[in-house]
Amino acid sequence: MQKNHLLGRMASICAKKILQGDKIIIIRSELTSITGKLGRNVNKYKSIFKKKTNTNPRRGPFHFKSPSKILYQTIKRMIPHKTMRGSKALKNLKIFEGLPRIFSKIKKEKFFEAFRYKVIKNYRKTVNLGKVCEVLGWKNRKFIEQKSDQLAALGKVVLKKKKEIKKFRINNLLKFDKNNPIPKIFLK
């Protein structure tokens, strides 16, 4: 996923798709948007973090500060995760912060139904999940942003090369013979 996806809308779409049996991988979970101002969202999550077992807090409930875990919990609450069907569906879901190297060269899809500018009005305040998590104590934001930007640039270059190769193949489809050597452009 990229920026401008609303948390709840995206989570409900993902929940529905994984229940249908699709495999979903969400990248850059820290760029997911939440409606409302930063202070309001921080207070909401702080009130959630206060909830614990009175007699022995080590027994749970356990709350996470990373955006991928918060997004996972949001999707998990939308499906029947205690049933066999729900637990199988959760195995089809993977969520990452930043852009892992293996996904940098793959074309990404977006959920257009969850885009911020399609769902809410322009003057409404939104904040990224990464900013909220950083205020709550998540420490990896700057590092992940740097690495993701580098890999995104690399992915764009690779996709551009793939398009050039595809155009070259289409334009020169009739010129290829089995006996001719492979052009140098394919060897790069």
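Counting heavy atoms of the protein chains alone, Asp149 has an accessible area of about 100 Å² for a 1.4 Å probe. Counting 0.36 nm for each residue step from Glu109 to Lys121 and taking away their Cα separation leaves a gain of 2.0 nm. Computed over protein heavy atoms with a 1.4 Å probe, the accessible surface of the stretch 33-116 works out to 70 Å² per residue. Taking label positions 7 Å along the Cα-Cβ direction at both Gln150 and Lys16, the computed distance is 3.9 nm, reported to one decimal.
Subtract the Cα-Cα distance of Arg85 and Asn54 from 0.36 nm times their separation in residues, and report this length gain in nm to one decimal. Show your work: numbers first, answer last.
On the way: separation 31, 0.36 × 31 = 11.16 nm, distance 3.28 nm.
Additional length available on full extension: 7.9 nm.
Taking Ala15, Ala153, Ala114 in turn, the Gaussian network model of the chain (Cα-Cα springs below 10 Å) assigns the largest fluctuation to Ala153. Taking a straight Cα-Cα cut-off under 16 Å and skipping sequence neighbours fewer than 8 places away in the same chain, the lysines within cross-link reach of Lys167 are Lys175, Lys184, Lys188.
When Phe112, Phe103 are compared by accessible area of protein heavy atoms, the largest-first order is Phe112, Phe103, using a 1.4 Å probe.
Taking amide H atoms as placed 1.01 Å from N in the peptide plane, the amide H of Ile95 lies under 5 Å from those of Ile26, each 5 or more residues away in sequence or on another chain.
In the structure shown, the pairs Lys121/Lys147; Lys16/Lys91; Lys17/Lys108; Lys16/Lys110; Lys91/Lys161; Lys121/Lys142 are assessed against 24 Å; a Cα-Cα span above that value is assigned to Lys121/Lys147; Lys91/Lys161; Lys121/Lys142.
Size descriptors for the stretch 100-172: radius of gyration and Dmax over Cα atoms are 17.6, 56 Å.
Working note: Cα gyration tensor of the stretch 24-87, eigenvalues times five, square-rooted, sorted largest first, giving semi-axes of 21, 21, 10 Å. Taking label positions 7 Å along the Cα-Cβ direction at both Asn92 and Phe62, the computed distance is 2.6 nm, reported to one decimal. The Cα-based radius of gyration of the stretch 17-56, divided by its Kirkwood radius, gives an Rg/Rh of 1.17.
How do the peptides 63-71, 140-148, 117-125 rank, highest first, by the average count of neighbouring beta carbon atoms within 10 Å per residue?
Numbers: 63-71: 20.4, 140-148: 15.6, 117-125: 10.1.
Ranked from most to least packed, the peptides come out as 63-71, 140-148, 117-125.
Rounded to the nearest 0.05, what FRET efficiency do Val135 and Phe168 have when you use their Cβ-Cβ distance and R0 = 45 Å? Mind showing how you got there, number by number?
On the way: r = 49 Å, r/R0 = 1.10.
Once the sixth-power term is evaluated, E becomes 0.35.
For the stretch 129-167, the residues whose amide N sits under 19 Å from a probe point set 7 Å from the Cα of Leu38 along the beta carbon direction are 129-146. Which one is right for this structure if Cα extents along the principal axes in Å is calculated from it: (i) 63, 56, 42; (ii) 46, 38, 37; (iii) 78, 40, 33? From the options (i) 63, 56, 42; (ii) 46, 38, 37; (iii) 78, 40, 33, the structure gives (iii).
Where the accessible area of the chain is counted over protein heavy atoms with a 1.4 Å probe, how much of it, in %, is carbon and sulfur?
Numbers: 7290 of 13560 Å².
The value for the chain is 54 percent carbon and sulfur by accessible area.
The values are calculated or read from the model by the stated rules, or taken from the named source; none is laboratory data. Not measured: the values here are computed from a predicted model. All Cβ positions, glycine included, derive from the backbone under ideal geometry; neighbour counts span all protein chains shown. SASA here: full protein model, heavy atoms, side chains in, ligands and nucleic acids out. Shrake-Rupley method; radii C 1.70, N 1.55, O 1.52, S 1.80 Å.
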